[in-house]
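Taken together, the values in this text are just the output of simple stated rules run on the coordinates, not laboratory data. All of these numbers come straight from a predicted model, not from anything done at the bench. Quick reminder, even Gly has a Cβ in these numbers, built from the backbone with ideal geometry, and neighbours come from all protein chains shown.
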Amino acid sequence: MIPVIALVGRPNVGKSTMFNRLTRSRDAIVANYAGLTRDRKYGEGKIGDQRFMLVDTGGISGEEEGIDTLMAQQSLQAIDEADVVLFMVSSRDGLTAADHIIAKQLRQRGKKTYLVANKVDGMDPDMAVMPFYELGLGEVFATTATHGRGVKSMMESVLAEL
Ligand code: GDP
Ligand code: MG
């Protein structure tokens, strides 16, 4: 069985862009606005000799009312089915209240989670990751999904621990 990795986070942080880069797929629709990818999307990726299955999700806005509706059902399902979660946040936006809520949900579900600060382009990556350490999810990986910066080394770290 190849490992299953779910991409989770608020809409518009770059999940589908990351999915497309890692799977070289056009299957996931990259939206210029939030929340377009509604269905789960699966794709196979490969880093070195290691294959993995990636799951794109529509995202969790963190703006829904109530904890039960906070995560879209399909995102919850993707998390439960995955071996690990890549929790993506936006360096452009900084740490948001929704990120805090999602982090709490992930911790409650007890799923191995890697925190990925995307959109570090035009920023010092060491500075860009700093605010997200507050989430207490360990190392924060800096990426630019649109150009691929930091993506391979982040994935190598994730796959090395599987
Ligand atoms: P999703 O809603 O989380 O799936 O986000 P998308 O992948 O659809 O991306 C939302 C927007 O952010 C699109 O306009 C992307 O081109 C843009 N985007 C994604 N990754 C990056 C990045 O690393 N840097 C910048 N500047 N923009 C990005
Ligand atoms: Mg998307």
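Within the range 85-162, report the GluC sites (Glu not before Pro) that DSSP leaves as loop and that have at most 14 other Cβ atoms within 10 Å.
Values: sites: E134, E139, E156, E161; in loops: E139, E161.
Filter output for the range 85-162: E139, E161.
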Sum up the charges of everything whose Cβ sits under 13 Å from the Cβ of T143, counting Lys and Arg as +1 and Asp and Glu as -1, but leave T143 out. +3
To the nearest 20 debye, what is the magnitude of the charge dipole of the range 106-162 about its Cα centre, counting +1 on the Cβ of each Lys and Arg and -1 on the Cβ of each Asp and Glu? 360 debye
Relative contact order (percent, whole number), the range 77-130, Cα cutoff 8 Å, 6+ residue spacing: 48 percent
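Based only on other Cβ atoms within 10 Å, what is the fewest-to-most ordering of F87, F141?
Details: F87 29, F141 23.
In increasing order of surrounding Cβ atoms, one gets F141, F87.
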Going toward the positive end of the dipole of the range 94-162, with +1 on Lys and Arg Cβ and -1 on Asp and Glu Cβ, which of M130, V151, I101 do you reach last? I101
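Want the number for T146 to Q74: 0.36 nm per residue separation, take away the alpha-carbon distance, what's left? Present the calculation step by step, with values, prior to reporting the outcome.
Values: separation 72, 0.36 × 72 = 25.92 nm, distance 2.46 nm.
That works out to 23.5 nm of additional length.
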